[in-house]
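Just below is one structure, and these are the notes that go with it.
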Amino acid sequence: MTALWIVVAIIVLFVIVLLARTVRIIPQARAGIVERFGKYKETLPAGLNVVVPFVDKVRYLIDLREQVVSFPPQPVITEDNLTVSIDTVIYFQVTDPIAATYEIANYIQAVEQLTMTTLRNIVGGMDLEETLTSRETINSGLRGVLDEATGKWGIRVNRVEIKGIDPPPSIKDSMEKQMRADRDKRAAILSAEGQRQSAILTAEGEKQSAILSAEGARESQILRAQADREAAILRAQGEGQAIQTVFQAIHDGQPDQSLLAYQYLQMMPKIAEGDANKVWVIPSEITKALEGLGSSIHEIAGIPKESGGPRKRVDMGASAPAVPSAGSATDRELSSANKAVEDAIAEAEHAANPGARAVPTADPTSEPMSGPTSGAAGADDVPDAPLPPTAGGDDDPGTAPTQ
């Protein structure tokens, strides 16, 4: 009985081992290489597969997914004899499991060695500057060479990337200094260009400001000159009209000796004004002096000796004031004129001798002067007054302040 149980156990164990060798499960994205008596028989796909036990054997299990292999830094000499370290990363995929198994012993090591030799060949024809700036060129060259060489191995190289290029420390220091100098140069150039643009804009602004100021000054001077010219013209026209008015008044008034004597007497009180005028003398022959003064002024050109009828008026324009026409004076106006002359004489005597009382005399029966008088500004007609009497006798002249 015990022997029977031992036989049954052996049979069950054999069946289990037989099933284990017959049924093979291949994972997804894998491929199993089956050999029969050491010779390739078939490739098992993913899933459940049955093989002949103790005859067929799954020798290799190939991964069909894309793989990434990073190789350690490799020293490479550039064209300018500088040694740089380059790290590479390769992305590849097995497309033919049979070729990857039987055409190359170790395809990963083969790809690594091929990458190193190809990289040295490509970088050896470049200088350091070109190597640092031509990564895309290096990647393309590596990919082309690897893809061509690994095609018979059942491998497809998808991408080759340069992970890092490390020059020697001394070259790094020199490159940093060069980069710093280049950046300082560009900063100085940009600063100089900015200053130049600022100076140009400032000069243009000052130029425009100077032009505008000059134009404003020119227009101001032109307007000021025009204003001065118009003012001078208006002043000249006003002076001309004033002269014409006075000239017309003189011709219309027909002045004579009595009028000039009267005006002279009106100016005498003003002569006595002022603190410095202490004493002034009025001679007894003032009548003769005034008569002589009137006679001498009568001879001045422009004043007629006799009133020979109506005078021709001078055309003074639209702005000239109207001059009243000459006519006969009334008795009331004559009395007023005589009274004014007497008051002027009395004021002059009082100013000459404040202690004595001057008694003015007037001849109310004297005949009025022929023709009216007219002031310089075209005032109302005033009749001529008779000559005033002298203040004091011939032997006792009055005293007046002297200057």
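The values are calculated or read from the model by the stated rules, or taken from the named source; none is laboratory data. A quick note: this is a predicted structure, and the numbers were derived from the prediction, not measured. Note that we place each Cβ from the backbone using ideal geometry, even for glycine, and neighbour counts take in every protein chain shown. Surface areas here come from the heavy atoms of the whole protein model, side chains and all, with no ligands, DNA or RNA. Shrake-Rupley method; radii C 1.70, N 1.55, O 1.52, S 1.80 Å.
Tell me, please, whether a residue that is outside any helix (DSSP H, G or I), among the polar types (S, T, N, Q) and modelled with pLDDT under 90 can be found in region 261-275. No, that holds for no residue. Residue-level check: of (1) closer than 20 Å to Arg156 by Cβ; (2) crowded, with 19+ Cβ neighbours inside 10 Å, Thr131 misses just (1).
Only one of the listed residues (Val34, Val7) is without any contact (Cβ under 8 Å) to a residue 12 or more places away in the chain, outside any loop (DSSP other than H, G, I, E, B) and among the aliphatic types (A, V, I, L, M). That residue is Val7.
Scanning region 74-116 for residues that are open to solvent by less than 70 Å² (accessible area, probe 1.4 Å), among the small types (Gly, Ala, Ser) and under 23 Å from Arg156 (Cβ atoms) yields Ala99, Ala100, Ala110.
Can you spot a residue in region 71-82 that is part of a loop (DSSP other than H, G, I, E, B), out of contact with any strand residue (DSSP E or B) (no Cβ under 8 Å at 6 or more places or on another chain) and on the phi > 0 side of the Ramachandran plot? Yes, region 71-82 has at least one match. Among the residues of region 135-162, the ones that are open to solvent by 20 Å² or more (accessible area, probe 1.4 Å), outside any strand (DSSP E or B) and closer than 21 Å to Thr83 by Cα come to 4 in all. Only a single criterion out of (1) exposed (fewer than 10 other Cβ atoms within 10 Å of the Cβ); (2) at pLDDT 90 or above is not satisfied by Ser170, namely (2). Of the candidates Arg30, Arg24, Arg36, Arg65, the single residue that is basic (Lys, Arg), open to solvent by less than 70 Å² (accessible area, probe 1.4 Å) and more than 30 Å from Pro168 (Cβ to Cβ) is Arg30.
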